[in-house]
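Presented below is the structure to which this report refers.
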């Protein structure tokens, strides 16, 4: 009985969060990431090129040729590590990943941050509500990311136990959505 009561309370909390999030989205027409307003009529790649918070991600996308994928009209969800997220990595790790001879490893790591299809924050929350407090999404690498709640934050966890918090959600683009995250998913096997 206690477990079902907790699940009902979680669903009610999530429903309230979804409602509040949708009201906030109606209040602002264009998503703001830092001092840059993302244009929902532009692609994920075009907006990333103009963002002052994702220059490291952009360099990595170009180095791995995934920038071509994010130009397509198909819908994508990008869990985009900010420059600050990349700064959590050692310079040695960044240099190793950006080395042209490690292009495939870099491509695999970045593919871990992209899901085919558009997943808004409310879609993620609804999936968690119907999934007993968690939801799983398959990346274009074929690996799963699991979404859970910690307080009011959506936390993503990879199969290695690495975690990232969505810090800015629902930056809509012409070909999907960007959710900024505070960490880079870096599978141990990639290094």
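The values are calculated or read from the model by the stated rules, or taken from the named source; none is laboratory data. Here the structure is a predicted model, which means the values were calculated and not measured. Counting neighbours? That spans all protein chains shown, and the Cβs are built from the backbone with ideal geometry, glycine included.
Here are the numbers:
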{"read-out": "Filter result for residue 159 (modelled with pLDDT under 95 and not in a strand (DSSP E or B))", "value": "yes"}
{"read-out": "Test result for residue 110, part of a strand (DSSP E or B) and surrounded by 16 or more Cβ atoms within 10 Å (Cβ to Cβ)", "value": "no"}
{"read-out": "Among (1) more than 14 Å from the chain's Cα centre (by Cα); (2) farther than 24 Å from residue 50 by Cβ - the single one residue 162 does not satisfy", "value": "(1)"}
{"read-out": "Some residue of segment 140-148 being under 11 Å from the mean Cα position of the chain (by Cα) and without any contact (Cβ under 8 Å) to a residue 60 or more places away in the chain", "value": "yes"}
{"read-out": "Filter pass, residue 117 being in contact (Cβ under 8 Å) with a residue 12 or more places away in the chain, touching a strand residue (DSSP E or B) at 6+ places or on another chain (Cβ under 7 Å), surrounded by fewer than 18 Cβ atoms within 10 Å (Cβ to Cβ) and more than 22 Å from residue 69 (Cβ to Cβ)", "value": "no"}
{"read-out": "Boolean, residue 122 is more than 15 Å from residue 169 (Cβ to Cβ) and crowded, with 17+ Cβ neighbours inside 10 Å", "value": "no"}
{"read-out": "Residues of segment 37-84 satisfying the condition of being surrounded by fewer than 15 Cβ atoms within 10 Å (Cβ to Cβ) and assigned to a loop (DSSP other than H, G, I, E, B)", "value": "40, 41, 52, 65, 68, 72, 73, 74"}
